[in-house]
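First the structure, then my questions, so here it is.
The values are calculated or read from the model by the stated rules, or taken from the named source; none is laboratory data. Small disclaimer: the values here were computed from a predicted structure and weren't measured. Glycine gets a Cβ as well: all are built from the backbone with ideal geometry, and neighbour counts include every protein chain shown. Each accessible area value is taken on the protein alone, full model and side chains, heavy atoms only, with ligands, DNA and RNA left out. Shrake-Rupley method; radii C 1.70, N 1.55, O 1.52, S 1.80 Å.
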Amino acid sequence: MQSLRTNGYVVVSAETVAEMAKVALSDLLSLNSFWGDLPRDPYLKDGGRYRFRRHASYEIKGETLSMVPHRAHWQSVEYNALHGGIERWFEPMQTQLTSDAAWQALLLGMARILSSLKPVTTWFVEAHEFRIDTTDGIGRPTPEGAHRDGVDFVAVFLVDREGIKGGETRIFEAGGSAGLRFTLTQPWSLLLMNDERMIHESTPIQPVGNYGHRDTLVLTFRSNGFQDSPKSAQQ
């Protein structure tokens, strides 16, 4: 993880992800089928039909993982100019997934790594299952453009990509112009970023044939509570 400490990001192979989670890679790959059961994202302001997702939230204290009651995903317009400032209630993650031992080990393993870089009492974690498809001929993984998420760390796992071209990842230094471009292709490979230092985006995808899709898991880790709308804070 020296690159994460020094450069603000690290790209990790699927084999290393499995080692971090202390599970077999085959156990992570067995989770892929859950991405075929995602409802369409109803909040896309560009009118697109290309994004499907589910959402869950956790608190991690040491080796204790606790799912919190289902809550809205909220970002300020400072971090998401397109979809910020509104409470977005996505369907919860599938119980069969969240109760899976490999899934829970993955979250705890990531928290363990990040706590070695930034010791915190509690990590406030949001998990997002994403499928971007080519129903409309083109799919946009990041319709808001290059952005930060307003958290401490962001983990983007490529779960699968099928029948597509594009989907290139681009990361830039938030305080400068240095950047990197690459395409994640290995299922369960990972881009892990320090969100305070890096801005990121992914380029649109297009089908190679009639149809394609790109599945990702995004985990965000925040040390000072969840991001909540001012409205919910007043309740």
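Go through (1) closer than 16 Å to Glu196 by Cα; (2) open to solvent by 50 Å² or more (accessible area, probe 1.4 Å) and name the single condition Arg112 misses.
(1)
With respect to Arg131, is the statement that it is in contact with a helix residue (DSSP H, G or I) (Cβ under 6 Å, 6 or more places away or on another chain), modelled with pLDDT of 95 or more and open to solvent by 20 Å² or more (accessible area, probe 1.4 Å) true? Please lay out each step first, then the result.
Numbers: in contact with a helix residue (DSSP H, G or I) (Cβ under 6 Å, 6 or more places away or on another chain): yes; modelled with pLDDT of 95 or more: yes; open to solvent by 20 Å² or more (accessible area, probe 1.4 Å): yes.
Answer is yes for this residue.
Exactly one of these conditions fails for Arg197: (1) touching an Asp or Glu at 6+ places or on another chain (Cβ under 7 Å); (2) crowded, with 20+ Cβ neighbours inside 10 Å. Give me its number.
Unmet condition: (2).
Buried (at least 20 other Cβ atoms within 10 Å of the Cβ) and either modelled with pLDDT of 95 or more or farther than 24 Å from Leu38 by Cα (or both): is that true of Ile205 in this structure? Break it down stepwise before answering.
Numbers: buried (at least 20 other Cβ atoms within 10 Å of the Cβ): yes; either modelled with pLDDT of 95 or more or farther than 24 Å from Leu38 by Cα (or both): yes.
Yes; evaluated as a whole, the condition is true for this residue.
Still on this structure, I have one more. Being of a type outside the set (Ser, Thr, Tyr), more than 26 Å from Ala21 (Cα to Cα), in contact (Cβ under 8 Å) with a residue 40 or more places away in the chain and assigned to a strand (DSSP E or B): is that true of Leu180 here?
Yes.
Name the single residue, out of those in the stretch 36-50 being surrounded by 16 or more Cβ atoms within 10 Å (Cβ to Cβ) and under 25 Å from Arg181 (Cβ atoms), that is modelled with the highest pLDDT.
Result: Tyr50.
Report yes if some residue within the stretch 186-200 is modelled with pLDDT of 95 or more, on the phi > 0 side of the Ramachandran plot and part of a loop (DSSP other than H, G, I, E, B); otherwise report no.
Taking every residue of the stretch 186-200 in turn, at least one turns out to be modelled with pLDDT of 95 or more, on the phi > 0 side of the Ramachandran plot and part of a loop (DSSP other than H, G, I, E, B).
Kindly provide the set of residues from the stretch 12-35 that are more than 29 Å from Thr134 (Cβ to Cβ) and either open to solvent by 40 Å² or more (accessible area, probe 1.4 Å) or assigned to a helix (DSSP H, G or I) (or both), ordered by number. Even if it seems obvious, please write down each step before you answer.
Step one: list which residues in the stretch 12-35 are more than 29 Å from Thr134 (Cβ to Cβ), which gives 15-16, 18-24, 27.
If the condition is that a residue be more than 29 Å from Thr134 (Cβ to Cβ) and either open to solvent by 40 Å² or more (accessible area, probe 1.4 Å) or assigned to a helix (DSSP H, G or I) (or both), then Glu15, Thr16, Ala18, Glu19, Met20, Ala21, Lys22, Ala24, Asp27 are the ones that fit.
Now for a different question. If you scan the stretch 201-219, which residues turn out to be under 20 Å from Ala146 (Cβ atoms), among the β-branched types (Val, Ile, Thr) and assigned to a loop (DSSP other than H, G, I, E, B)?
Thr203
Restricting to the stretch 1-11, what's the tally of residues that are open to solvent by 40 Å² or more (accessible area, probe 1.4 Å) and either farther than 18 Å from Gly176 by Cβ or in contact (Cβ under 8 Å) with a residue 40 or more places away in the chain (or both)?
Our first condition is that a residue be open to solvent by 40 Å² or more (accessible area, probe 1.4 Å); within the stretch 1-11, this holds for 1-2, 5-7, 9, 11.
In the following step, the residues that additionally are either farther than 18 Å from Gly176 by Cβ or in contact (Cβ under 8 Å) with a residue 40 or more places away in the chain (or both) were identified as 1-2, 5, 9, 11.
Looking only at that region, the number is 5.
Within the stretch 118-151, can you find the residues that are over 13 Å from the mean Cα position of the chain (by Cα) and of a type in the set (Lys, Arg)?
Lys118, Arg140
Within the stretch 148-164, does at least one residue satisfy the condition of being aromatic (Phe, Trp, Tyr) and either farther than 16 Å from His128 by Cα or touching a Cys at 6+ places or on another chain (Cβ under 8 Å) (or both)?
Looking for residues that are aromatic (Phe, Trp, Tyr) and either farther than 16 Å from His128 by Cα or touching a Cys at 6+ places or on another chain (Cβ under 8 Å) (or both), one finds none in the stretch 148-164, hence no.
Could you give me the residue pairs with C-beta distances under 7 Å whose first residue belongs to the stretch 148-161 and is over 17 Å from Trp103 (Cα atoms) and open to solvent by less than 20 Å² (accessible area, probe 1.4 Å), whose second residue is among the basic types (Lys, Arg) and part of a loop (DSSP other than H, G, I, E, B) wherever it lies, and which are 6+ apart or on separate chains?
Filtered contacts from the stretch 148-161: Asp152/Lys118.
Can I ask one more? For the stretch 110-166, what are the residues that are touching a Gly at 6+ places or on another chain (Cβ under 8 Å), in a loop (DSSP other than H, G, I, E, B) and within 15 Å of Phe52 (Cα to Cα)?
Thr134, Asp136, Arg140, Pro141, Pro143
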